[in-house]
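For reference, the structure is listed below as structure tokens.
The values are calculated or read from the model by the stated rules, or taken from the named source; none is laboratory data. Just so it is clear, the structure is predicted and the values come from calculations on it, not from any experiment. Ideal geometry is used to build each Cβ from the backbone, glycine not excepted, and the neighbour counts take in all protein chains shown. Just the protein is used for accessible areas: all its heavy atoms, side chains included, with ligands, DNA and RNA removed. Shrake-Rupley method; radii C 1.70, N 1.55, O 1.52, S 1.80 Å.
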Amino acid sequence: MMSIFRNIPALRRLLYWSLVCSLALTSQISRAGSPAEFLTLLVSEETDAYGKVIPLSEQNIQLFRSLSKEMQVQLIVQRYPWKRALEKAYQGEGMIFGISPTAERRSKLDFSQVVYTERVYLITRCQSNFRYEKLPDLENKRIGVVRGTSYGEAVDQQMGKLFQVEQDTSRLSGRMTKLLQGRMDGFFHYSYLNPSPLELTINQQYFSEIQGQASQSGKLFCVQPKAISSVDIHFAIRNDINQGRLHKLDAALIKLKQSEAFQKMFSQ
């Protein structure tokens, strides 16, 4: 099948696969029925080392499917690099998921109740002597951050002051490669996983995508045990076009969060 695309430019190929993934995910989420009301859901995308969009986690697919059923709304998932997804939300082109509140964002968007809480971890090279315990430990370090992403306002305020910033895309494989090349001392990474399973996942992903660049005999990437911050994750929509959608979403979330299945969904 891949031979069909040999002569198609990489950007067009990426757009094609993004559309395929979006349509497939929308189909998965909407299995329960065909509600008359539609809602565009803007979600951050991550691509692998070959530029292919990495599917959303099963937890998020289950979350969206449950909300679609409870709200009787068909969610049309559209995935973009985070900065672009945020810009589209500001322009009123849909509801955004995976966002944390800041003063600037609250001036433009209305936020749902908390969906779950994620932690921000610092990923470093295992061979380095860099150990993190508190924010001052970042002094004069170069830290990778995804463009347009907030890591908690206390951390955001120190960017370019306490520590230098390396602007990244959301492609994890690219961030890991830059870290190994010594272009930064570490990078911030959101996860609801605990440090040990996250560390295992990150190393496995690197070795599976970047063949032949490193031996699998040992770990390359270490997750610093102390989280940089804990950040509440929400849905949000532009405040002048809310039209009661957040009220409907919050009612569905309240019902879902009472279930044991939901409580287990994001605790690992």
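So which residues in region 192-239 are surrounded by 17 or more Cβ atoms within 10 Å (Cβ to Cβ), at pLDDT 90 or above and among the hydroxyl-bearing types (Ser, Thr, Tyr), if there are any at all?
SER229
Before we move on, is GLY174 outside any loop (DSSP other than H, G, I, E, B), open to solvent by less than 60 Å² (accessible area, probe 1.4 Å), small (Gly, Ala, Ser) and in contact with a helix residue (DSSP H, G or I) (Cβ under 8 Å, 6 or more places away or on another chain)?
no
Does region 218-255 hold any residues that are in contact with a Gly (Cβ under 9 Å, 6 or more places away or on another chain) and either within 29 Å of TYR121 (Cβ to Cβ) or among the β-branched types (Val, Ile, Thr) (or both), and which are they?
Matches in region 218-255: GLN224, ILE228, SER229, SER230, VAL231, ILE233, HIS234, PHE235, ILE237, ILE241.
So that you can scan it fast, the table gives a plain yes or no per residue for (1) closer than 17 Å to GLY186 by Cβ; (2) out of contact with any strand residue (DSSP E or B) (no Cβ under 6 Å at 6 or more places or on another chain):
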position	(1), (2)
ILE76	no, no
GLU87	no, yes
ARG106	no, yes
LEU109	no, no
SER112	no, no
THR124	yes, no
TYR132	yes, no
PRO136	yes, yes
THR149	yes, yes
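So for region 85-95 (the condition being buried (at least 21 other Cβ atoms within 10 Å of the Cβ), under 16 Å from the mean Cα position of the chain (by Cα), at pLDDT 95 or above and not aliphatic (A, V, I, L, M)), does at least one residue qualify?
Within region 85-95 (the criterion being buried (at least 21 other Cβ atoms within 10 Å of the Cβ), under 16 Å from the mean Cα position of the chain (by Cα), at pLDDT 95 or above and not aliphatic (A, V, I, L, M)), the answer is no, since none of the residues qualifies.
Tell me which residues, restricted to region 216-260, are more than 22 Å from THR201 (Cβ to Cβ), out of contact with any Leu (no Cβ under 8 Å at 6 or more places or on another chain) and of a type in the set (Gly, Ala, Ser).
Within region 216-260, GLY244, ALA251, SER259 meet the criteria.
Here are THR117, THR102, THR26: which of them is modelled with pLDDT under 95, of a type in the set (S, T, N, Q), within 20 Å of the chain's Cα centre (by Cα) and more than 23 Å from ALA251 (Cβ to Cβ)?
Going through THR117, THR102, THR26 in turn, just one is modelled with pLDDT under 95, of a type in the set (S, T, N, Q), within 20 Å of the chain's Cα centre (by Cα) and more than 23 Å from ALA251 (Cβ to Cβ): THR102.
Return the pair list, or none, for Cβ contacts closer than 6 Å from residues in region 106-132 that are open to solvent by 30 Å² or more (accessible area, probe 1.4 Å) to residues that are polar (S, T, N, Q), at least 6 apart or on different chains.
Hits for this filter: ASP110/ASN239; ASP110/ASN242; THR117/SER230; ARG119/SER230.
Just checking, does region 150-160 include any residue being among the acidic types (Asp, Glu), within 19 Å of the chain's Cα centre (by Cα), open to solvent by 30 Å² or more (accessible area, probe 1.4 Å) and within 30 Å of GLY51 (Cβ to Cβ)?
Yes, region 150-160 contains at least one residue that is among the acidic types (Asp, Glu), within 19 Å of the chain's Cα centre (by Cα), open to solvent by 30 Å² or more (accessible area, probe 1.4 Å) and within 30 Å of GLY51 (Cβ to Cβ).
Go through (1) modelled with pLDDT of 90 or more; (2) closer than 20 Å to VAL146 by Cα; (3) surrounded by 16 or more Cβ atoms within 10 Å (Cβ to Cβ) for LEU14 and report which single condition fails.
Among (1) modelled with pLDDT of 90 or more; (2) closer than 20 Å to VAL146 by Cα; (3) surrounded by 16 or more Cβ atoms within 10 Å (Cβ to Cβ), LEU14 violates only (1).
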